[in-house]
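What follows is one structure encoded as structure tokens, with my remarks underneath.
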Amino acid sequence: MAFILTALLTVVIALLTLMPQVPGPTGIPGFDKLAHFIAFAALCVPLAWRYPHLWRAVALATLVYGGVIEIIQPLTGRTAQWGDLVADGAGAFAGAFVASRFGFRKFRGRDGRKGEPAFSDS
């Protein structure tokens, strides 16, 4: 399930960050960076929660994904910004770290085994 949710979030982020921008008034100052932070934090949560021992790898892979998006953006009529990449990285590491602290390993199943969520029906 963590992989499916991560894949869905990856596609949504790609669509939102690679669609051509609609000309018009600029929004709230700083909102763009906050949106990047939140999106990339959310992208890390499923895998970092499920595999808390890999939280750094999850965050780093997510940061690389953000970098690839920034490289591709000029090809779609958007501009690449270092600030976006910084916000992506900060969100990725924050999201992965927090999710790993509440990770899968902290729960115990009904039979007492580690690594299964306490709410599991199996």
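The values are calculated or read from the model by the stated rules, or taken from the named source; none is laboratory data. Fair warning: this is a prediction, and the values are worked out from it, not measured in the lab. Glycine also receives a Cβ, built like all others from the backbone with ideal geometry; neighbour counts cover every protein chain displayed.
If the condition is being outside any helix (DSSP H, G or I) and either farther than 18 Å from Val86 by Cβ or among the basic types (Lys, Arg) (or both), then the stretch 19-60 contributes Met19, Pro20, Gln21, Val22, Pro23, Gly24, Pro25, Thr26, Gly27, Ile28, Tyr51.
Residues checked against (1) crowded, with 16+ Cβ neighbours inside 10 Å; (2) closer than 18 Å to Met1 by Cα:
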residue: Ile13; (1), (2): yes, no
residue: Leu16; (1), (2): no, no
residue: Met19; (1), (2): no, no
residue: Leu34; (1), (2): no, no
residue: Tyr51; (1), (2): yes, yes
residue: Trp82; (1), (2): no, no
residue: Val86; (1), (2): no, no
residue: Ala99; (1), (2): yes, yes
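With the condition kept exactly as written, say whether any residue in the stretch 88-100 is assigned to a helix (DSSP H, G or I), of a type in the set (A, V, I, L, M, F, W, C), farther than 14 Å from Ile13 by Cβ and modelled with pLDDT under 95. The answer is no; no qualifying residue exists.
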